[in-house]
1. If I filter segment B:91-105 down to residues being surrounded by fewer than 22 Cβ atoms within 10 Å (Cβ to Cβ) and under 16 Å from A:His132 (Cβ atoms), which single residue comes out as nearest to the other protein chains (Cβ to nearest Cβ)?
2. Pull up segment A:182-192, narrow it to residues that are touching a helix residue (DSSP H, G or I) at 6+ places or on another chain (Cβ under 7 Å) and either modelled with pLDDT of 95 or more or under 24 Å from A:Asp148 (Cα atoms) (or both), then point me to the one that is surrounded by the fewest Cβ atoms within 10 Å (Cβ to Cβ).
3. Name every residue in segment A:33-46 that is out of contact with any Asp or Glu (no Cβ under 9 Å at 6 or more places or on another chain) and surrounded by 24 or more Cβ atoms within 10 Å (Cβ to Cβ), in order of residue number.
4. In segment B:158-179, what residues are surrounded by fewer than 16 Cβ atoms within 10 Å (Cβ to Cβ) and closer than 13 Å to B:Met1 by Cα?
5. Out of A:Asn24, A:Asn13, report the one residue that is more than 9 Å from chain B (Cβ to nearest Cβ) and either modelled with pLDDT under 95 or in contact with a helix residue (DSSP H, G or I) (Cβ under 8 Å, 6 or more places away or on another chain) (or both).
6. Return yes or no: is A:Ala140 in contact with a helix residue (DSSP H, G or I) (Cβ under 6 Å, 6 or more places away or on another chain), over 23 Å from A:Cys88 (Cα atoms) and not charged (D, E, K, R)?
7. For segment B:164-184, does any single residue satisfy the condition of being assigned to a helix (DSSP H, G or I), basic (Lys, Arg), farther than 25 Å from B:Ile92 by Cβ and within 14 Å of chain A (Cβ to nearest Cβ)?
8. Checking B:Glu108 against (1) charged (D, E, K, R); (2) more than 9 Å from chain A (Cβ to nearest Cβ); (3) in contact (Cβ under 8 Å) with a residue 12 or more places away in the chain, only one condition comes out false. Which one?
There are 2 protein chains.
Amino acid sequence: MAKPNLQIACDYNDLPSALADLKNVGDAVDIIEAGTILILQGGQDVVKSFRALYPDKIIVADTKCADAGGTVAKNCADAGADWMTCICSATIPTMEAAAKEVSEIQVELYGDWTYEQAQQWLDAGISQAIYHQSRDALLAGETWGQKDLEKVKKLVDMGFRVSVTGGLSVDTLKLFEGIDVFTFIAGRAITQAPDPLQAANDFQAEIKRIWGE
Amino acid sequence: MAKPNLQIACDYNDLPSALADLKNVGDAVDIIEAGTILILQGGQDVVKSFRALYPDKIIVADTKCADAGGTVAKNCADAGADWMTCICSATIPTMEAAAKEVSEIQVELYGDWTYEQAQQWLDAGISQAIYHQSRDALLAGETWGQKDLEKVKKLVDMGFRVSVTGGLSVDTLKLFEGIDVFTFIAGRAITQAPDPLQAANDFQAEIKRIWGE
């Protein structure tokens, strides 16, 4: 079982705030995500700035693209993104068009997706999925449970590299022990910690403790 | 049956191009849409610019929001948007959070949504839906058909104000005759016409011919 990646989600209302936080932890994570809120606010300058600051990191543009996949993905690639997200309700042609422009597409799982759809994504050559506890669902009191873990396991068994995100902390990582998680995505658990670099290092140490080097 | 609105979809790779086209037709349409591609490229300056140029028009931020509805919607409202779109696979808490911040939420129908979900949106007080022929589906050769028109009718019967979009032209409006369409959304059929203002006026004239004043 490979060591899962650690991804920092940079989601802010303005680019300067994102840059200030990213500066603390960018070198300590494996993947840097330009969050949806931030891209909607700052546009393509967000991905361009992240790429300029971290030329060697994997950068994800979290566009949650639903349509015009080719255009959106080309714009993301031009700005410097390696990967881009599509929403699960996007059509297969949209995902396929996007996949031609960036290195990889990640499918963001929200709402009532089905394993039948998931198989169609795999059949289209798209093998990354993001299992997401919705922020608003978390605010409404929902949390990680056995039901979520079973879904993640099933997706892994189908052949997906699965990223998980939503309300994760160092303490919740052990819930995923024994599951071949591809990437843990954390945001405020790192950036709003008293010492963000220490928090990122704590995540990495806990990942290594559970999954090995 | 009320006269349907005409909405111009401004979707470009950069704000200046959008502004150049919008200048020609902004006064001739009822609703101005800041398109997803454009917002992802230009950020909040897009909506701010549209609002500055057209203080009295309805402005829609086509964010296709999937999560963090409250934050995204507040940002859109702060920039000057009246309405905002959510993707159909967003959770009800996401839509409800967004609905508190902008005047109205429109649900963008992509992929395998169900009428059961649609009823949940209505129950949550969200009564605008956008029936969308995906650009990528259109490119793949799909087009408007009886199946689409039946779905639009059913949504109208359920109580939605339904906007329709995707490959519309003046000639295709008559397909919708007898259906209480809320808004026709057009993009390149207007902006890439030899005379864009004339094209917008032709749309409005055909709408009036079919649905009356």
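The values are calculated or read from the model by the stated rules, or taken from the named source; none is laboratory data. Computed from a prediction, not measured in an experiment: that's the story for all the values here. Please note: Cβ atoms are built from the backbone with ideal geometry, for glycine as well, and neighbour counts cover all protein chains shown.
1. B:Pro93
2. A:Ala189
3. Correct list: A:Leu40, A:Val46.
4. Within segment B:158-179, B:Glu177, B:Gly178 qualify.
5. Just one listed residue meets the conditions, A:Asn24.
6. On the way: in contact with a helix residue (DSSP H, G or I) (Cβ under 6 Å, 6 or more places away or on another chain): yes; over 23 Å from A:Cys88 (Cα atoms): no; not charged (D, E, K, R): yes.
No.
7. no
8. (2)
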